[in-house]
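Nothing in this text is a laboratory measurement; each read-out follows from the coordinates by a stated rule. Computed from a prediction, not measured in an experiment: that's the story for all the values here. Counting neighbours? That spans all protein chains shown, and the Cβs are built from the backbone with ideal geometry, glycine included.
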Amino acid sequence: MSIAFWCVLIATVMPLFWTGIAKYSGRYDNRQPRVYLEESSGYRQRAHWAQLNAFEALPGFAAAVIIAHLAGADPLWMDRLAMLFIVFRLAHGVAYVADWPTARSAVWMGAYGAMIGLFVLAAR
């Protein structure tokens, strides 16, 4: 399995990390997890938002990797762009939880650029 495909797996699991941060508390009630998350505040709320954003980014990234692979794109560049996406997405979650909005937007754009790069790679 290629590094790019492993990156899809990492991107699939990444939201669970942010979920863990959002739910880590002595008062978490698994009977109503959505109510708890909607009523959370501070870093837990931001971790929940990071989780949602990570899930939102996943389909486009997975499609970009698969399409680049099917199009016979250069595997080295596919792997590089996929790893870059993962690095940016991790930084995005950290910036989200830490409440650094400007940094969060910057790394979001970097991750989006890496994903678009995979599509461009497929088109070449």
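When the residues of the range 91-106 are narrowed to those that are surrounded by fewer than 18 Cβ atoms within 10 Å (Cβ to Cβ) and in a helix (DSSP H, G or I), which ends up nearest to the chain's Cα centre (by Cα)?
Val94
Test each condition in (1) more than 21 Å from Phe5 (Cα to Cα); (2) crowded, with 17+ Cβ neighbours inside 10 Å for Met109 and report the one that comes out false.
Result: Met109 passes all but (2).
Tell me whether the range 31-54 contains one or more residues that are under 15 Å from Leu121 (Cα atoms) and free of Cβ contacts under 8 Å to residues at least 12 places away in the same chain.
Taking every residue of the range 31-54 in turn, none turns out to be under 15 Å from Leu121 (Cα atoms) and free of Cβ contacts under 8 Å to residues at least 12 places away in the same chain.
Against the definition (touching a helix residue (DSSP H, G or I) at 6+ places or on another chain (Cβ under 7 Å) and of a type in the set (Val, Ile, Thr)), how does Ile116 come out, yes or no?
no
Are any residues in the range 18-35 out of contact with any His (no Cβ under 9 Å at 6 or more places or on another chain) and either outside any helix (DSSP H, G or I) or crowded, with 16+ Cβ neighbours inside 10 Å (or both), and if so, which ones?
Of everything in the range 18-35, those that are out of contact with any His (no Cβ under 9 Å at 6 or more places or on another chain) and either outside any helix (DSSP H, G or I) or crowded, with 16+ Cβ neighbours inside 10 Å (or both) turn out to be Tyr24, Ser25, Gly26, Arg27, Tyr28, Asp29, Asn30, Arg31, Gln32.
Just give me the residues in the range 43-65 being of a type in the set (D, E, K, R) and closer than 20 Å to Trp6 by Cα, in sequence order.
Glu56
Within the bounds of the range 43-59, is there any residue that is surrounded by 12 or more Cβ atoms within 10 Å (Cβ to Cβ) and under 16 Å from Phe119 (Cα atoms)?
yes
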